[in-house]
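Read the structure below first, then the notes.
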Amino acid sequence: MNIAHYNFGIEGNAQFMRAAADAQEEVMEPFFESHGWEYAPQLFESVPALKERHQPTAFGGLDIAGTFVLFIGTCFGKKVFDEIYDRTVKRPIAQYLDKFFSVFSIYDGKMLEYRDVIYFKDIDLVVVIRTLIDKNNTKAVEEDLLNGHIIAHAYVERNGKKAAIHCHVVTNGLVSSEPLLFDSLEKIKEHDKNIVKRIKRY
């Protein structure tokens, strides 16, 4: 069995981070520890495209109160991907988010974002799947992320690697078939900021 590596990321204010960390410790960490994953933060720290300043910005022109991030390290080959996909299906994301929302409320119309960030070591490619979440769509988030991985993987099989990062965005349950292309996670934040600036200008 291929060893899949993982690490967590959380971006937000102190209240958000406490609630997210507690839910992570209670729900997500026991799952990964018991399903053959290997915790490996150093792996992701060594990838230039993944370096970023940890602060939430915006997504789709909306203010983001906080971001949940899961980093996964694996290989691209189809047999390996099928195995990782099978493991990914079993992640208790909805349970994790439900636990979080049981102690955290969103105010002022802000949103939360969930990101899956997969680093394919053999082709040096980062795939990012982004989606907005609220307390009423936690189960849908699981489906959206899985659909995102299928579409992202199929895109790379057809077209190859086009940039250091391929970013697929989920909007109202639909995953973008064409990825946005970036050199780093920091460039994604710059892209988000520019969208907000254009919206405010009008």
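Would you rank 167, 75 by solvent-accessible area, highest first, keeping every protein chain in place and using a 1.4 Å probe?
Largest to smallest exposure gives the sequence 75, 167.
How much of residue 191 can a 1.4 Å solvent probe reach, expressed as accessible area in Å² and rounded to 10?
The accessible area of residue 191 comes to roughly 60 Å².
Each residue of the range 95-103 in order: what ³J(HN,Hα) in whole Hz does its phi give by Karplus 6.51 cos²θ - 1.76 cosθ + 1.60, θ = phi - 60°, with x for Gly and Pro?
So the Karplus estimates, Gly and Pro as x, are 5, 4, 5, 4, 4, 4, 5, 5, 10 Hz.
In Å, the Kirkwood hydrodynamic radius of the range 92-162 over pairs of distinct alpha carbons?
For the range 92-162, inverting the mean 1/r across all distinct Cα pairs yields 13.7 Å.
Heavy atoms only, probe 1.4 angstrom, no DNA, RNA or ligands counted: give me 45, 190 ranked by accessible area, highest first.
45, 190
Which order do 91, 18 take when ranked by solvent-accessible area (1.4 Å probe, heavy atoms of all protein chains), largest first?
18, 91
Would you kindly state how much longer the chain becomes between residue 180 and residue 136 on full extension, computed as 0.36 nm times their sequence separation minus their alpha carbon distance, in nm to one decimal?
13.1 nm
The values are calculated or read from the model by the stated rules, or taken from the named source; none is laboratory data. From a predicted model like this one, the values you see are computed outputs, not experimental measurements. All accessible areas refer to the heavy atoms of the entire protein, side chains included, with ligands and DNA or RNA removed. Shrake-Rupley method; radii C 1.70, N 1.55, O 1.52, S 1.80 Å.
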